[in-house]
Amino acid sequence: MRANDFPGGIYPPERKERSNRAPLRIAPLPNVVALPLSQHTGKAALPCVNVGDAVDTGTPVARRDGMVSANVHASISGTVIEITDSDIVIQGDGEDRRITLPPLDWRTTHCDALLSRLDEAGLVGLGGAGFPTYLKANVSQQHAIDTLVVNAAECEPYITADDLTLRYHAADVLEGAQLLARLCGAAHIIVGIEDNKPEACQALQAVLADLGRPAKVALKVIETRYPSGGERQLIKKLLNRDVPSGGLPADIGVLCHNPGTLMAALQAVRDGTPVVERVVTLTGDAIAHPGNYWVRVGTSIASLLEQVGLVQERLHRVVVGGPMMGTPLTSLAAPVTKTTNCLIAATEEELPPAPAEAPCIRCGACESVCPAQLLPQQLHWYARAQNDTALDAHHLFDCIECGACSYVCPSAIPLVQDYRSAKQRIRHKRIETAKAEHAKHRFEFRQARLAREEAEKKARRQARLAQQSPSANGTMDSPSLPVADLRSLRIAQTAAKAAVRKAEKVLARAAAEDPQQRHDDLETQLATAQENLKAAEARLAEARAASEYKEAP
Amino acid sequence: MSMMHASHLGGTPSTAHIMRWVIAAMLPGLGMMTLYFGLGVLSNVLIAALLAVAAEAFILRLRRRPVWPTLNDASALLTGVLLGASLPPASPWWLIGVGVIAAVVVAKQLYGGLGHNPFNPAMVGYALLLVSFPTQMTLWAPPQAIWSDTLWPQILGTVPMTTLDALSGATPLDAFQHKGEAVLASEFWASSPLPEGTLAAWRNIALAWLIGGLVLIVKRLISWHIPVAMLGSMLLLSALFYASDTSHFASPLFHLVTGATLFGAFFIATDPVSSATSRRGKLFYGAGIGVLIILIRHLGGYPDAVAFAVLLMNLCVPLLDTVSVPRPVGQSTAHSGTKRSAP
């Protein structure tokens with residue numbers, strides 16, 4: 001392993017030639033589209049149209065809800081016929097009237113306007129993660145970004161969407177990269193591409209010289225090895241930097257973008273078109289005309305496959321994404337979303353069901369291919385034993401779920417599935433712990449408030465008593481208060497003051513670190529400390545009044 | 001939501017495939033042994049393999065586990081072949097049977113079956129026999145013709161001990177071990193202590209094992225770490241001994257070609273189940289075996305030491321696995337040792 005390389009990796013059969021021979025085509029306009037409200041990371045968008053509304057291609061139909069969310073636009077012109085909890089269904093009129101936003105020049109327009117345009121256009125990472133692009137570009141507020149990486153590695157077998165996008169639109173992709181580089185302040189752009197895409201490399205070379213401004217663009221062709229398209233792996237390979245565990249590429253001054261996203265960003269700015277279509281690889285042995293197509297978001301997968309010659313008898317299953325990290329579809333009625341990069345209509349021979357799981361023979365093959373340099377086999381045992389302490393110690397959350405370990409496992413153990421469910425379980429547990437913690441803070445606050453009220457009541461009564469009958473003999477309900485007790489109350493008051501100051505400090509530090517996060521628990525803790533202070537003060541006042549009352553002649 | 005299981009993309013060998021290839025890679029070594037020591041070698045292997053499969057089927061039925069899928073992984077077959085290849089040629093059936101039961105039933109299945117046994121099953125069987133039946137286990141006949149008249153009686157165990165003694169000779173390691181303190185190495189070799197052709201036979205057998213082992217490495221069915229570390233540490237340590245006193249210790253080359261060195265390095269020590277798992281752990285593990293073999297051969301009572309060295313290192317595997325954790329990408333330190341983060 002060379003110094004600037006990631007460890008491990010595998011060489012699965014590529015099967016890209018099935019879809020990268022045909023030209024990039026446009027899929028027929030669908031009659032009906034179902035636009036999911038959640039096509040991105042974060043909260044689902046909120047519908048902003050009503051049933052019966054007429055919409056054009058590009059009309060916003062749902063607005064983002066909160067920071068991490070994205071707008072959704074009508075991908076065909078027609079009428080909204082149904083709005084459910086998860087989808088907006090539009091019946092097309094076949095005319096495809098387009099509505100666009102005013103074009104902007106990315107070189108001269110203010111960055112804020114560009115960012116809000118990306119937001120407006122509903123742009124998310126089209127590579128599969130679906131993270132809102134405007135948020136990602138905005139990261140330069142907190143991190144100094146020096147390099148923008150164009151992740152064109154496309155290391156998963158079968159997928160050729162980025163390959164074809166680059167062959168046909170290399171100039172747009174690189175211009176989009178310049179736009180994003182301007183937004184995040186990166187001075188360098190590096191295109192990382194695997195050496196199995198010579199045509200795309202040529203297309204990039206051809207436009208490289210023209211588009212080398214303002215950021216310097218470099219093309220780096222890397223060896224074809226899965227998972228070189230993983231963000232961390234690609235950054236290691238191109239820049240020889242390690243993304244810290246639990247961190248983001250931005251932490252080391254890098255942003256990664258997929259070519260499709262960059263092109264869509266440019267279109268949103270230059271042409272004013274929101275994300276209504278994307279390039280999808282349609283492949284697999286069960287379809288007659290595999291290739292890459294511009295597909296409208298919301299097109300039903302069943303009708304799409306139908307149009308490219310699906311042979312129903314040969315179909316074994318449909319996979320969304322690649323064969324390593326994708327998900328098998330349970331229903332063909334599902335629509336294409338912004339993050340659908342590939343649909344594999346596989347026959348039983350090409351993607352047969354996984355063989356029965358055999359016992360682990362501790363061969364260590366998984367360890368030697370793990371790109372995160374974890375011990376997959378140890379993780380497997382701890383995951384099955386639900387030993388969360390050991391999972392944590394073996395860095396379960398550093399696993400990128402690339403599936404290389406499952407691929408080489410001679411016992412056909414579904415390792416990544418185990419890790420995913422273990423991660424889910426641990427996340428769930430953390431949420432539960434946080435909830436319990438929250439409840440505890442609320443309870444403590446209530447106790448403190450009750451104690452404060454009680455103490456204040458007593459203090460008031462004592463004060464009243466002292467005022468009313470200063471000469472009366474104090475035997476009723478005033479206990480004898482030695483000076484030492486008064487001092488201890490004073491100490492308690494000082495301690496309570498210190499606790500308030502400490503809680504204020506902790507809250508201020510947390511708020512400075514993460515201004516977007518709410519800190520309910522810390523606020524409750526501060527309030528509790530304040531209640532305690534008030535109670536201590538009341539007790540002190542009561543004691544003072546009592547001692548005056550007693551000392552009175 | 002279910003996800004893809006990358007195993008079905010094909011292209012990676014299954015456990016059963018690996019086991020079968022290991023057996024196939026033993027053929028050159030077994031063939032060469034047969035050539036020099038007669039059909040008794042093959043009878044050992046056949047009887048041991050048959051008994052191993054039968055014992056596995058029997059114990060699986062007792063444990064109420066699926067019999068056929070498990071037999072199909074060929075791991076019991078491999079254990080039988082490995083044990084058979086380790087025994088003196090034409091061993092009696094009952095001796096093989098005891099060894100096989102210790103290996104398959106006790107060392108493997110009673111610990112939970114394939115993948116769960118802490119000790120190398122074949123070596124448990126071998127060590128048990130060596131300790132329990134030292135006489136029978138040290139009767140290596142000198143190189144002989146392929147067919148011997150006494151083969152059947154020997155297998156049936158009807159040959160009296162005295163006759164067997166007369167038939168057997170000493171292995172090179174045996175002879176050297178028992179040459180006595182007073183005899184210098186040069187004097188020992190000058191006395192031509194071994195029957196004609198013995199050393200050449202062992203050398204050729206070792207070469208045949210080496211060929212099979214290299215096939216496994218080239219086909220990536222075993223990793224190079226354990227054999228290289230084991231042979232390397234053996235050569236290094238025996239060279240140190242040899243350099244310190246050439247008149248008493250054998251040369252590194254002698255250690256390499258005699259006994260079960262190469263067979264052990266490629267076929268015994270590489271058993272994945274009972275060896276260390278990480279690449280670094282495998283290097284430690286292999287080196288440990290090499291060191292122990294040389295120490296036992298030089299300072300201990302047993303002429304060959306592969307079985308004991310392997311079993312002793314099996315004991316160390318849990319420790320090796322904890323101290324050889326690699327540093328994950330993006331983490332500043334490796335999590336090695338037994339400390340645990342606070343729960």
Which FRET efficiency value, to the nearest 0.05, is calculated for A:A54 and A:Q312 with the Förster distance at 30 angstrom and r the Cβ-Cβ distance?
-> 0.25
Which whole number gives the average count of other chain Cβ atoms within 10 Å of the Cβ atoms across peptide B:110-118?
-> 2
Three principal axis extents, largest first, for the C-alpha atoms of the stretch B:200-254, in Å?
-> 41, 26, 8
Of B:L77, B:W152, B:W209, whose Cα points farthest to the positive end of the dipole of chain B (charges on the beta-carbon: +1 Lys, Arg; -1 Asp, Glu; origin at the Cα centre)?
-> B:L77
Taking Rh as the Kirkwood radius computed over alpha-carbon pairs of the stretch A:166-247 and applying Stokes-Einstein at 37 °C with viscosity 0.692 mPa s, one gets a diffusion coefficient in µm² s⁻¹ of 243
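Which entries in the list A:K236/B:K219; A:K136/A:K237; A:K216/A:K237 go over 24 Å, if you measure between the two C-alpha atoms of each?
Details: A:K236/B:K219 29 Å; A:K136/A:K237 22 Å; A:K216/A:K237 19 Å.
In this structure, A:K236/B:K219 lie more than 24 Å apart at Cα.
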Rounded tilt (10° steps) of A:111-120 against the dominant C-alpha axis of chain A = 80
Would you mind computing the Rg to Rh ratio of the stretch B:64-180 from its alpha-carbon coordinates, Kirkwood style for Rh?
-> 1.04
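Hey, with R₀ at 45 Å, roughly what FRET efficiency would A:D105 and A:V506 work out to, going by the Cβ-Cβ distance, to 0.05? Display every interim value, and only then the final one.
Numbers: r = 47 Å, r/R0 = 1.04.
For R0 = 45 Å, the calculated efficiency reads 0.45.
With +1 on each Lys and Arg Cβ and -1 on each Asp and Glu Cβ, how big is the dipole of the protein assembly as shown about its Cα centre, in debye rounded to the nearest 20? Let's see the in-between values first.
Numbers: 79 positive and 77 negative charges, 462 e Å.
Here the protein assembly as shown has a charge dipole of around 2220 debye.
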Distance (nanometres) between label positions extended 7 Å along Cα→Cβ at A:Q447 and A:R461 = 2.3
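Sorting A:V49, B:V67 on the 10 Å Cβ count, fewest up front, what's the list?
Working: A:V49 18, B:V67 15.
Placing the least packed residue first, the sequence is B:V67, A:V49.
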Please give, to one decimal in nm, the separation of the simple spin-label points placed at B:D245 and A:T433, each 7 Å out from Cα toward the Cβ.
-> 6.0
Mind computing the radius of gyration and Dmax over the alpha-carbon atoms of chain A? Å is fine for both.
-> 31.0, 108
Figure the gain on full extension for B:Y111 and B:R61 (residue separation times 0.36 nm, minus the Cα-Cα span) and round it to one decimal in nm.
-> 16.5 nm
A:K429: which lysines have alpha carbons under 26 Å from its alpha carbon, excluding same-chain residues fewer than 8 sequence positions away?
-> A:K43, A:K440, B:K339
What do you get for Rg/Rh of the stretch A:25-295 when both radii come from the Cα atoms and Rh is the Kirkwood radius?
-> 0.97
Could you pull out every residue, at least 5 positions away or on a different chain, whose amide H is within less than 5 Å of the one on A:Y226? Hs are placed 1.01 Å off N in the peptide plane, and Pro or chain starts have none.
-> A:I10
Using only the alpha carbons of chain B, determine the length spanned along each of the three principal axes and report them from longest to shortest in whole angstroms.
-> 73, 50, 34
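Ignoring GluC sites (Glu not before Pro) that are buried or in helix or strand per DSSP, and keeping those with at most 12 other beta carbon atoms within 10 Å, what is the longest stretch of chain A between them?
After excluding every exposed loop site, the longest remaining stretch is A:350-553.
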What aspartates and glutamates sit close enough to A:K505 to cross-link, taking a C-alpha to C-alpha distance under 16 Å and skipping anything fewer than 8 places away on the same chain?
-> A:E513, A:D514, A:D520, A:D521, A:E523
Within the stretch A:413-443, find all residues whose amide N lies under 18 Å from a label point positioned 7 Å from the Cα of B:H17 along Cα-to-beta-carbon.
-> A:413-415
Hey, what do the phi angles of the stretch A:185-202 turn into as Karplus ³J(HN,Hα) couplings, whole Hz, using 6.51/-1.76/1.60 and θ = phi - 60°, x for Gly and Pro?
-> x, 7, 8, 10, 10, 10, 9, x, 9, 6, 6, 8, 10, x, 5, 5, 4, 4
Extending each Cα 7 Å along its Cβ direction at A:R420 and B:D149, get the distance between those two points in nm, one decimal.
-> 7.2
Residue span A:W294 to A:A498: 0.36 nm per residue of separation minus Cα-Cα distance leaves a gain in nm of 67.1 nm
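For A:R518 and A:R98, FRET efficiency with R0 = 30 Å and r from the beta-carbon atoms, rounded to 0.05?
Working: r = 40 Å, r/R0 = 1.34.
Computed FRET efficiency for A:R98 and A:R518 comes out at 0.15.
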Residues whose built amide H sits under 5 Å from the amide H of B:Q331, excluding neighbours closer than 5 in sequence, are A:S245
For the stretch B:119-165, just the Cα set please: Rg and Dmax, both in angstrom.
-> 12.9, 37
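Using only alpha carbon pairs under 8 Å that are at least six residues apart, calculate the relative contact order of chain B and give it in whole percent. If you can, show how the numbers build up before the last one.
Numbers: 502 pairs, mean separation 58.6, N = 343.
Contact order relative to length: 17 percent.
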Would you mind telling me the antiparallel percentage of the DSSP bridges in the stretch A:25-295, rounded to 5?
-> 50
So what are the ³J(HN,Hα) numbers for the stretch A:243-257, from phi and the Karplus equation (6.51, -1.76, 1.60; θ = phi - 60°), rounded to whole Hz, Gly and Pro as x?
-> 6, x, 4, x, x, 10, x, 4, 4, 10, x, 10, 10, 10, 9
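Do the sum for chain B: with -39,500 (n - 2.57) for every DSSP H run of n ≥ 4, divided by all residues, what is the mean residue ellipticity at 222 nm, to the nearest 500 deg cm²/dmol? Intermediate values should be presented prior to the final figure.
Numbers: 17 runs with 197 residues, N = 343.
It comes out at -17500 deg cm²/dmol, rounded to the nearest 500.
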Cα point-scatterer Debye curve for the stretch A:62-169, base-10 log of I(q)/I(0) at q = 0.14, 0.16, 0.17, 0.19 Å⁻¹ = -0.84, -1.06, -1.16, -1.29
So how tilted is helix A:483-513 from the main axis of chain A? Cα-based, degrees 0 to 90, rounded to 10.
-> 20
Figure the gain on full extension for A:I26 and A:W381 (residue separation times 0.36 nm, minus the Cα-Cα span) and round it to one decimal in nm.
-> 123.0 nm
In range of the label at B:L253: residues from the stretch B:208-223 whose backbone nitrogen is under 19 Å from the point 7 Å along Cα→Cβ | B:208-211
P(r) over all Cα-Cα pairs of the stretch A:1-105, 10 Å bins from 0 to the longest distance, whole percent per bin, short to long, reads 14, 30, 23, 19, 12, 3, 0
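If you take every DSSP beta bridge fully contained in chain A, what fraction is antiparallel? Give it as a percent rounded to 5. Present the calculation step by step, with values, prior to reporting the outcome.
On the way: 32 of 55 bridges.
Counting DSSP beta bridges with both partners in chain A, the antiparallel share is about 60 percent.
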At q = 0.21 Å⁻¹, work out log10 I(q)/I(0) for the stretch B:172-324 with the Debye formula, treating every Cα as an identical point scatterer and leaving solvent out; two decimals please.
-> -1.30
Read phi for every residue in the stretch B:52-62 and hand back ³J(HN,Hα) as whole Hz from Karplus 6.51 cos²θ - 1.76 cosθ + 1.60, θ = phi - 60°, with x for Gly and Pro.
-> 5, 5, 5, 5, 5, 4, 4, 6, 5, 5, 4
Cα-centred dipole magnitude for the stretch A:54-156, charges only on beta-carbon of K, R (+1) and D, E (-1), debye, nearest 20 = 340
Taking amide H positions as placed in the peptide plane 1.01 Å from N, state which residues far from A:E277 in sequence (5 or more) or on other chains have amide H under 5 Å from it.
-> A:V297
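Readers should treat all values here as calculations from the given coordinates under stated rules, not as data from a laboratory. Owing to the predicted nature of the structure, the values given are computational and were not obtained by experimental measurement. Positions of Cβ are generated from backbone atoms using ideal geometry, with glycine treated the same way; all protein chains shown enter the neighbour counts.
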